[in-house]
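Since every read-out is calculated from the coordinates, none of them should be taken as a lab result. Quantities reported herein were computed from a predicted structural model and do not represent experimental measurements. Note: ideal-geometry Cβ built from the backbone for every residue, glycine included; neighbour counts use all protein chains shown.
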Protein chains: 2
Amino acid sequence: MDTTTRIERALLAALSTHEVPGAPPKLAAAIRHAVFPGGARIRPHLCLAVARACGDDDPALADATAVALELLHCASLVHDDLPCFDDAATRRGRPSVQAAFGEPLAVLAGDALIVLAFQTLAAAGAQSPGRLAALITTVASATGMPFGIVAGQAWECEPRVTLSDYQRAKTGALFAAATAAGAQAAGGDHVRWRALGDRLGEAYQIADDIRDVLADPEVLGKPVGQDACHGRPSAAHQLGLTGAIEHFEGLVAGALAAIPECAGAPALRALVRMESERLVPKAWCEDAARRVTA
Amino acid sequence: MDTTTRIERALLAALSTHEVPGAPPKLAAAIRHAVFPGGARIRPHLCLAVARACGDDDPALADATAVALELLHCASLVHDDLPCFDDAATRRGRPSVQAAFGEPLAVLAGDALIVLAFQTLAAAGAQSPGRLAALITTVASATGMPFGIVAGQAWECEPRVTLSDYQRAKTGALFAAATAAGAQAAGGDHVRWRALGDRLGEAYQIADDIRDVLADPEVLGKPVGQDACHGRPSAAHQLGLTGAIEHFEGLVAGALAAIPECAGAPALRALVRMESERLVPKAWCEDAARRVTA
């Protein structure tokens with residue numbers, strides 16, 4: 001089974017526990033809308049690639065970890081799109097959960113997805129009880145306070161924020177957890193794998209800032225120019241576009257260098273290179289360079 | 001140490017992990033506002049009473065379970081008070097989180113509290129890894145979809161709902177988890193203890209409906225008449241006031257009968273009786289009876 005199929009099947013299995021007689025049907029539909037069809041599923045891909053590099057000796061636990069990370073990511077998107085934050089009408093090229101189902105169900109869908117993430121981990125963790133506590137600690141730390149994605153979103157409510165603190169929490173935390181928890185799910189050493197996720201997370205956030213300036217909204221599946229519109233900290237505004245692209249390329253090189261030597265290293269390097277091209281196509285970099293030298 | 005002190009100390013310890021340099025200060029303050037000062041802390045009291053009845057051989061895990069249940073309860077109150085649900089300005093006699101900190105921080109405070117609940121369980125579960133998976137499953141099932149408190153709230157978004165399904169999910173689920181998880185935290189048999197929580201949860205929801213009609217808003221610490229105002233299913237409206245009070249008394253008797261015979265049974269019976277009087281004072285019942293016979 002290829003990794004994409006493995007991830008989609010695991011997500012479907014997790015959500016199927018919701019869709020039973022006696023469940024509130026609108027909330028079940030809102031949750032499904034939040035998760036399917038997905039985006040690039042980069043966090044679960046990264047998690048499973050690291051689990052594989054560490055031997056993947058408990059595939060059900062690795063699957064659950066990948067699912068938990070993706071559900072938490074989806075939950076954060078659903079809540080970020082609420083009227084009190086971005087008030088986004090579209091996401092992934094179609095109506096956002098709040099636009100399609102209304103604000104109350106969007107709040108509840110996010111809540112239910114957070115709970116399902118930990119429930120999925122617990123259900124798979126009975127097989128390897130010695131790994132579960134550390135695994136949940138890694139995933140929860142990347143999600144909540146003081147340094148997880150919820151904390152990252154909360155920095156938007158503060159009058160003063162440093163760009164790196166904001167980005168490390170808002171995006172970096174879940175990437176770092178994807179590599180660390182991927183290792184833990186397979187009994188590997190999470191410390192050895194964290195740097196890869198850290199650097200990819202930073203690269204991803206900078207790519208997001210660049211895309212918010214450069215991308216076609218049709219390609220992005222959501223409106224562009226949102227950072228400037230919401231006054232959010234942005235590397236593209238702080239470093240300039242070519243500066244941000246150079247920084248992105250440096251971080252991708254750093255991520256490649258951070259992959260520990262192991263049998264799975266070539267596959268991971270290929271994943272990082274492919275993802276880098278998907279996020280910030282080489283053509284954009286050349287285009288931005290031309291604009292500066294013109 | 002008395003149980004109230006034990007609960008408040010454990011809650012303070014859990015929240016102190018948030019309040020570190022580098023954490024977004026407004027969100028930390030909103031979370032503290034959501035948890036302190038608390039209400040009756042009935043779920044953690046119930047959880048610890050059952051853990052004690054089962055031997056309380058891992059007090060840190062019992063504390064974490066009690067804390068997780070209370071944090072999840074607080075999270076649900078913060079989200080229920082949002083403008084898109086009850087739009088409540090007050091809670092526990094002072095401004096609600098959304099009134100004091102604004103809607104964005106109220107959304108994030110609820111999210112962070114859900115995450116902290118599972119993080120607290122995981123941090124304490126490393127000592128008894130064999131108990132953790134089942135414990136998290138119990139707590140998560142009571143919180144999320146398809147039958148937990150989030151599902152209960154979602155029934156308010158459906159055109160048709162049966163009162164018992166709504167109440168079982170919205171309130172009963174976390175009470176049933178309080179007794180079941182209290183047993184699990186101490187290595188006890190959760191099946192034997194679930195009926196007590198089930199009945200108390202049902203009694204509590206009916207008490208809430210009765211209080212929404214009868215109580216003084218000063219005593220309640222929140223506005224009354226909210227069920228009718230929001231068109232929510234209510235036992236007080238469906239059964240009439242005296243019918244609802246009779247049903248409440250029957251459920252309390254059922255809860256007392258459901259306490260398994262053990263050394264901790266007298267303490268639990270005292271707790272149930274005290275809570276029953278706090279929720280629906282005997283004076284109210286007599287008053288309601290007088291109104292009917294007058």
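Per-structure values
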read-out	value
Helix-only CD estimate at 222 nm, as mean residue ellipticity for chain A, using -39500 (n - 2.57) per DSSP H run (n ≥ 4)	-22500 deg cm²/dmol
Net dipole in debye of segment B:3-293 [+1 Lys, Arg Cβ; -1 Asp, Glu Cβ; about Cα centre; nearest 20]	380
For segment A:3-67: relative contact order, % (alpha-carbon pairs under 8 angstrom, 6 or more apart)	48
Reciprocal of mean inverse Cα separation for chain A (Kirkwood radius, Å)	19.4
Peptide ranges B:260-266, B:50-56 listed from the most packed, as the mean C-beta count within 10 angstrom indicates	B:50-56, B:260-266
Nm distances between copies for B:Asp57, ranked from closest, using label points 7 Å along Cα→Cβ	2.8
A:Cys74, B:Cys157 arranged by Cβ crowding within 10 Å, fewest neighbours leading	B:Cys157, A:Cys74
Nearest-first distances (nm) between copies at B:Pro37, label 7 Å from Cα via Cβ	5.6
Choice from A:Ala257, A:Ala14, A:Ala181 showing the highest fluctuation, given a GNM over chain A with Cα pairs closer than 10 Å	A:Ala257
Cβ-Cβ FRET estimate between A:Arg192 and B:Thr4, R0 fixed at 60 Å, reported to 0.05	0.85
Sorted by Cβ neighbour density within 10 Å, fewest at the top, the residues B:Trp193, B:Trp155	B:Trp155, B:Trp193
Calculated FRET value between A:Ala40 and B:Thr90, using beta carbons and R₀ = 41 Å, to 0.05	0.40
Packing-based exposure ordering (other Cβ within 10 Å, fewest first) of A:Val272, B:Val20, A:Val78	B:Val20, A:Val272, A:Val78
Principal axes of the protein assembly as shown: Cα extent on each, largest first, Å	92, 45, 43
Residue with peak Gaussian network fluctuation, chain B [Cα springs, cutoff 10 Å], from B:Thr179, B:Thr120, B:Thr162	B:Thr162
Karplus-derived 3J(HN,Hα), 6.51/-1.76/1.60, for each residue of segment A:269-286, Hz, glycine and proline x	4, 4, 4, 5, 5, 5, 5, 4, 5, 5, 6, 10, x, 3, 4, 5, 5, 5
Nearest-first distances (nm) between copies at A:Ala228, label 7 Å from Cα via Cβ	5.4
Pairwise label distance in nanometres, A:Ala257 with A:Leu12, each label 7 Å out on the Cα-Cβ vector	4.3
Among B:Pro83, B:Pro159, B:Pro233, residue whose mean-square fluctuation peaks in a GNM of chain B (springs only between Cα atoms under 10 Å)	B:Pro159
Size of charge dipole - the protein assembly as shown - debye, nearest 20, with Cβ of Lys, Arg +1 and Asp, Glu -1, no other charges	420
